[in-house]
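First comes the structure, then the notes that go with it.
The values are calculated or read from the model by the stated rules, or taken from the named source; none is laboratory data. As the structure is a computational prediction, the values presented were derived from the model and not from experiment. Virtual Cβ from ideal backbone geometry, glycine too; neighbours counted across all protein chains shown. To get the accessible areas, we keep the full protein, side chains included, count just its heavy atoms, and leave off ligands, DNA and RNA. Shrake-Rupley method; radii C 1.70, N 1.55, O 1.52, S 1.80 Å.
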Amino acid sequence: MPACEPSFATHEVTNQPPPLESYDLFGSDRALVEAVLREGGAGAAEPLHDFGRWLGEASTIRLGEQANRHPPALRTHDRFGHRIDEVDFHPAWHELLRRAVAERVHALPWAAPASGAHVVRAAKAFLLNQVESGVCCPLAMTFAAVPALNDAPGLAEVWSPKILSDVYDPDLRPVGKKSGALVGMAMTEKQGGSDVRANSTRAVRAGPGEYRLTGHKWFCSAPMSDAFLTLAQTDKGLSCFFLPRMLPDGSRNAFRIQRLKDKLGNRSNASAEVEYAGAFAWLVGEDGHGVRTIIKMVHHTRLDAAISSAALIRQALAQALHHAAHRTAFGRRLLEQPLMRNVLSDLALESEAATALVMRLAGTFDRAGADPAEAALARLATPVAKYWICRRAPGAIAEALECLGGNGYVEESILPRLYREAPVNSVWEGSGNVLCLDVLRALRREPAAADALLAEAEAARGADRRLDAWIDALKGELRQTAEREHEGRALVERVALALQGAVLVRHAPPAIADAFCAARLADRPGRQFGVLPAGLGLEAICERALPRSS
Ligand SMILES: Cc1cc2nc3c(=O)[nH]c(=O)nc-3n(C[C@H](O)[C@H](O)[C@H](O)COP(=O)(O)OP(=O)(O)OC[C@H]3O[C@@H](n4cnc5c(N)ncnc54)[C@H](O)[C@@H]3O)c2cc1C
């Protein structure tokens with residue numbers, strides 16, 4: 001540089017970590033890899049590594065940022081005043097969805113049924129959620145719609161090939177002209193979301209199996225989907241319908257998007273208020289038994305809500321560990337500071353337990369068809385896991401955010417996005433209390449579910465005295481507390497910890513299982529993360545969870 005030219009360099013940038021990118025989200029997550037192998041997904045290890053590497057590329061991480069920085073916009077009318085009800089998305093949204101549909105995150109077990117297919121799909125959803133959660137909403141709903149749609153075989157015959165396709169086709173066309181289709185769900189109305197029996201939308205018969213729907217839905221996410229499973233009242237009561245956005249003759253259905261919600265998080269995804277102005281729909285399942293049909297969809301979306309929250313916790317932990325491994329304070333790396341190591345280890349336990357439980361749960365979906373005990377476990381463990389993991393996520397993510405100090409509060413770190421995203425998984429598909437009531441109902445009415453739960457816990461007996469004592473106490477409580485609504489949360493929490501403890505004691509490295517039992521099943525010294533007692537293998541816990549860039 002010529003001597004006379006001024007230098008703008010005021011300082012050298014030091015002690016800032018490199019970005020966490022160019023890494024394999026799958027391969028660098030040992031808890032996930034081991035769970036996938038254990039639960040029957042070993043055959044898909046290579047595709048999972050491929051997907052994990054793609055998601056870890058800087059350019060893919062950037063797609064996640066862009067999709068959230070440029071949220072969808074509603075265009076209700078065209079320039080001439082005709083209603084069009086279109087939602088415009090940033091190209092990043094479409095690119096992420098294109099790859100996700102090609103990976104069949106929306107349909108793998110239905111499109112290619114095989115042992116372990118649910119586990120592999122769950123692992124893919126777990127990986128994708130870490131980079132962009134918004135796209136996982138339409139993917140989860142489409143995945144979940146299939147079992148409910150099977151209640152209408154004629155419809156399934158026409159729609160299934162499009163739903164199971166690995167082509168993402170965002171264009172608005174009748175189903176016959178599409179190369180792929182996505183399906184949403186519209187249940188919630190202004191006067192009640194949990195209490196869907198209060199739905200006021202009316203359905204009037206228009207022909208064999210055909211109806212006209214008039215009313216509204218207060219929340220309808222992914223409104224650009226090709227069709228929706230929805231609820232409306234017929235003369236026989238609440239019934240389930242399949243409502244296409246385009247009619248077979250190529251005209252638009254009377255499905256009006258009133259406005260998009262201005263949401264806390266989940267900003268890449270659109271969630272709309274819609275009205276049905278005599279909208280055409282087909283009946284699905286039995287007239288007057290809509291809840292029985294749509295609950296099949298809800299059972300599957302609950303699985304995905306739990307997966308999503310486990311993934312958000314994992315990504316927050318990965319960012320926190322990565323930062324602490326590179327950042328120095330008071331002469332030592334943060335990771336080596338005893339109190340920071342305590343916090344990070346505690347978060348790693350949370351992440352390991354959440355990952356192990358959701359993958360165990362995904363395994364029950366694979367085995368449910370052939371094994372009634374696994375089906376019974378899935379019935380109970382789904383609301384339990386959804387309740388517990390979704391409730392734990394905001395606190396765990398807030399703690400991980402603080403591990404980055406001020407950097408964690410800044411958008412570019414991804415932590416704010418994870419933090420804003422977390423509560424929605426707890427709200428939708430059955431809010432916390434509603435899930436606890438569902439667990440109590442299952443305990444009262446389905447003895448096989450309680451038996452399967454206890455068998456799952458008992459399979460771990462003998463390895464850790466704290467877990468054994470926990471199971472003994474739980475046995476006494478299960479049937480009594482099922483009658484006591486106000487204790488629902490306390491019971492579900494105990495069940496969740498028993499399930500997590502059991503899976504970790506059986507399968508996790510001893511340092512993890514020991515620390516989990518000490519921290520979650522023994523008398524706890526405090527209520528925050530970072531209060532693990534002395535004498536646990538914290539170094540090994542952090543080392544196992546640390547993500548590594550290639
Ligand atoms: C971003 C977003 C997207 C959404 N997308 C969709 C969608 O695509 N399709 C769709 O159908 N819905 C969607 N929802 C709606 C969501 O499913 C509902 O908000 C949820 O089911 C709760 O219903 P509600 O809002 O009417 O609250 P309410 O049902 O009024 O519940 C309010 C609170 O009361 C609690 N509660 C209810 N009953 C009881 C009881 N008996 N005992 C104790 N506590 C109780 C609930 O747990 C909750 O905490 C979405 C919501 C959000 C936030």
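Just a few scattered comments:
- Condition broken by residue 68, with the remaining ones in (1) surrounded by fewer than 19 Cβ atoms within 10 Å (Cβ to Cβ); (2) touching a Ser or Thr at 6+ places or on another chain (Cβ under 6 Å); (3) of a type outside the set (Phe, Trp, Tyr) satisfied: (1)
- Members of segment 400-438 found to be more than 19 Å from the chain's Cα centre (by Cα) and near the ligand (Cβ under 8 Å from one of its atoms), listed by number: 437
- Residue that is least open to solvent (accessible area, probe 1.4 Å), among those in segment 24-42 that are of a type in the set (Asp, Glu) and closer than 10 Å to residue 359 by Cβ: 39
- Boolean, residue 335 is open to solvent by less than 10 Å² (accessible area, probe 1.4 Å) and either more than 25 Å from residue 428 (Cα to Cα) or without any contact (Cβ under 8 Å) to a residue 60 or more places away in the chain (or both): no
- The condition of being of a type outside the set (A, V, I, L, M) and within 26 Å of the chain's Cα centre (by Cα) holds for only one of 520, 445, that being 520.
- Taking the criterion of being surrounded by fewer than 17 Cβ atoms within 10 Å (Cβ to Cβ) and small (Gly, Ala, Ser), the residues of segment 476-510 that qualify are 476, 490.
- Meets criteria (in a loop (DSSP other than H, G, I, E, B), within 11 Å of the ligand (Cβ to nearest atom) and open to solvent by less than 10 Å² (accessible area, probe 1.4 Å)) for residue 138: no
- Residue 437 without any contact (Cβ under 8 Å) to a residue 60 or more places away in the chain, in contact with an Asp or Glu (Cβ under 9 Å, 6 or more places away or on another chain) and assigned to a helix (DSSP H, G or I): yes
- Only listed residue being surrounded by fewer than 21 Cβ atoms within 10 Å (Cβ to Cβ) and assigned to a strand (DSSP E or B), chosen from 157, 86: 86
- Any chance residue 167 is of a type in the set (Val, Ile, Thr), surrounded by fewer than 20 Cβ atoms within 10 Å (Cβ to Cβ) and part of a helix (DSSP H, G or I): no
- Residue within segment 376-397 that is open to solvent by 20 Å² or more (accessible area, probe 1.4 Å), farther than 25 Å from residue 433 by Cα and among the charged types (D, E, K, R) present: no
- Residue identified as aliphatic (A, V, I, L, M), closer than 30 Å to residue 325 by Cα and in a helix (DSSP H, G or I) among 473, 515: 515
- The lone criterion from (1) in a strand (DSSP E or B); (2) closer than 27 Å to residue 266 by Cβ left unmet by residue 125 is number (1).
- Any pair with Cβ under 6 angstrom, 6 or more apart, that starts in segment 179-208 at a residue that is farther than 21 Å from residue 270 by Cα and ends at one that is more than 6 Å from the ligand (Cβ to nearest atom) and among the basic types (Lys, Arg): 204/212; 206/212
- Residue match in segment 101-109 (condition: assigned to a helix (DSSP H, G or I), of a type in the set (Gly, Ala, Ser) and away from the ligand (no atom under 16 Å from the Cβ)): yes
- Test: residue in segment 177-198 that is in contact with a helix residue (DSSP H, G or I) (Cβ under 7 Å, 6 or more places away or on another chain), of a type outside the set (A, V, I, L, M) and more than 12 Å from the ligand (Cβ to nearest atom): yes
- Where residue 463 falls short, out of the listed (1) of a type in the set (A, V, I, L, M); (2) open to solvent by 60 Å² or more (accessible area, probe 1.4 Å); (3) within 16 Å of the ligand (Cβ to nearest atom): (3)
- Of the residues contained in segment 232-241, none is found to be within 16 Å of the ligand (Cβ to nearest atom), out of contact with any Asp or Glu (no Cβ under 7 Å at 6 or more places or on another chain) and closer than 30 Å to residue 416 by Cα.
- The one condition in (1) over 30 Å from residue 544 (Cβ atoms); (2) open to solvent by less than 30 Å² (accessible area, probe 1.4 Å) that residue 80 fails to fulfil: (2)
- Entirely in segment 208-258, the strands (runs of 3 or more DSSP E) that have 3 or more residues that are over 30 Å from the mean Cα position of the chain (by Cα) and not hydrophobic (A, V, I, L, M, F, W, C): 210-221
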